[in-house]
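Single-structure report; data block below.
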Amino acid sequence: MEIILQEKLLQENDHIADENRRYLNAHNTKMVNIISSPGAGKTTFLEALLPVLEERSIHTAVIEGDQQTTRDAERIAATGTHAVQISTGQSCHLNAQSIHTVLQTLPLQNLDLVLIENVGNLVCPAEFDLGETIKIALSSTTEGDDKPAKYPLLFTESPFVILNKTDLLPYVQFDTKKFFADIRILNPEAVFCEISALTHEGIHHCADTLLKRIT
């Protein structure tokens, strides 16, 4: 019975996700779903990325997903970017319906890109299509290099993988070659960026790579 209920839930979600995708396409707007574990640096990455996108005349909005608080949305709003908070309560992920509701409130006719910062979790968010153009898997050197092997669905579904906190490589045990080799097994077509969101190293290259992937 649990399996049947889960299948029904995913089918309903996928239907709404398809509606979201058609709605975005009608406005010529792309949407990116950023997924990582808690503390990998999604918000700091966005704070570094958004000004670079603005330099390239890319008009953006950000949807923030968290179980509680509006702290991340406040940080994004401080950059001058339109930010909307979704509080999921006990849920460990965003779903297509919650995104559908927010999309109706955004001025998509003036937006090139909607960035979603999903709830910090490597499992549940990867299972739910939100209507995004692509998923981005964001990992960090402080988490260990075994995450692709331990959580394969996210890295299989993400054509773009970002490794954050490269400034800490001298201080942590992280095998970059092993990390990317494990991803290659799961997703041979994936592209990679190595960045430090804190120092902004690699951010410009990452922005260019993202724009190439969604156009």
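Does segment 200-211 include one or more residues that are free of Cβ contacts under 8 Å to residues at least 60 places away in the same chain, assigned to a helix (DSSP H, G or I), surrounded by 14 or more Cβ atoms within 10 Å (Cβ to Cβ) and touching a Cys at 6+ places or on another chain (Cβ under 7 Å)? Looking for residues that are free of Cβ contacts under 8 Å to residues at least 60 places away in the same chain, assigned to a helix (DSSP H, G or I), surrounded by 14 or more Cβ atoms within 10 Å (Cβ to Cβ) and touching a Cys at 6+ places or on another chain (Cβ under 7 Å), one finds at least one in segment 200-211, hence yes. For ILE99, the requirement of being out of contact with any Ser or Thr (no Cβ under 9 Å at 6 or more places or on another chain) and outside any loop (DSSP other than H, G, I, E, B) is met. Taking residues in segment 84-106 that are buried (at least 16 other Cβ atoms within 10 Å of the Cβ), and partners anywhere that are of a type in the set (D, E, K, R) and not in a strand (DSSP E or B), the pairs with Cβ atoms closer than 7 Å and at least 6 places apart or on different chains are ALA96/ASP129; HIS100/GLU19. With the requirement that a residue be among the charged types (D, E, K, R) and surrounded by fewer than 18 Cβ atoms within 10 Å (Cβ to Cβ), what does segment 51-83 give you? The answer is GLU54, GLU55, ARG56, ARG71, GLU74, ARG75.
Quick check on THR43: is it among the polar types (S, T, N, Q), crowded, with 16+ Cβ neighbours inside 10 Å and under 14 Å from PRO125 (Cα atoms)? No, not satisfied.
Quick one: would you say ILE134 is of a type in the set (A, V, I, L, M, F, W, C), crowded, with 22+ Cβ neighbours inside 10 Å and in contact (Cβ under 8 Å) with a residue 24 or more places away in the chain? Full working, then the answer.
On the way: of a type in the set (A, V, I, L, M, F, W, C): yes; crowded, with 22+ Cβ neighbours inside 10 Å: no; in contact (Cβ under 8 Å) with a residue 24 or more places away in the chain: yes.
No; evaluated as a whole, the condition is false for this residue.
For segment 8-33, a residue qualifies if it is among the hydrophobic types (A, V, I, L, M, F, W, C), more than 21 Å from LEU154 (Cα to Cα) and in contact (Cβ under 8 Å) with a residue 60 or more places away in the chain, and exactly one does: LEU24.
Out of curiosity, is LEU153 assigned to a helix (DSSP H, G or I), surrounded by fewer than 19 Cβ atoms within 10 Å (Cβ to Cβ), within 16 Å of the chain's Cα centre (by Cα) and in contact (Cβ under 8 Å) with a residue 60 or more places away in the chain? Taking the combined requirement at face value, the residue does not satisfy it.
Looking at segment 113-121, is at least one residue under 14 Å from the mean Cα position of the chain (by Cα) and in a helix (DSSP H, G or I)? Within segment 113-121, none of the residues are under 14 Å from the mean Cα position of the chain (by Cα) and in a helix (DSSP H, G or I).
No value in this document is a laboratory result; all are computed from the given coordinates. It should be emphasised that the depicted structure is a prediction, and the values quoted were computed from it without experimental measurement. FYI the Cβ positions are ideal-geometry reconstructions off the backbone, even for glycines, and counts take in every protein chain you see.
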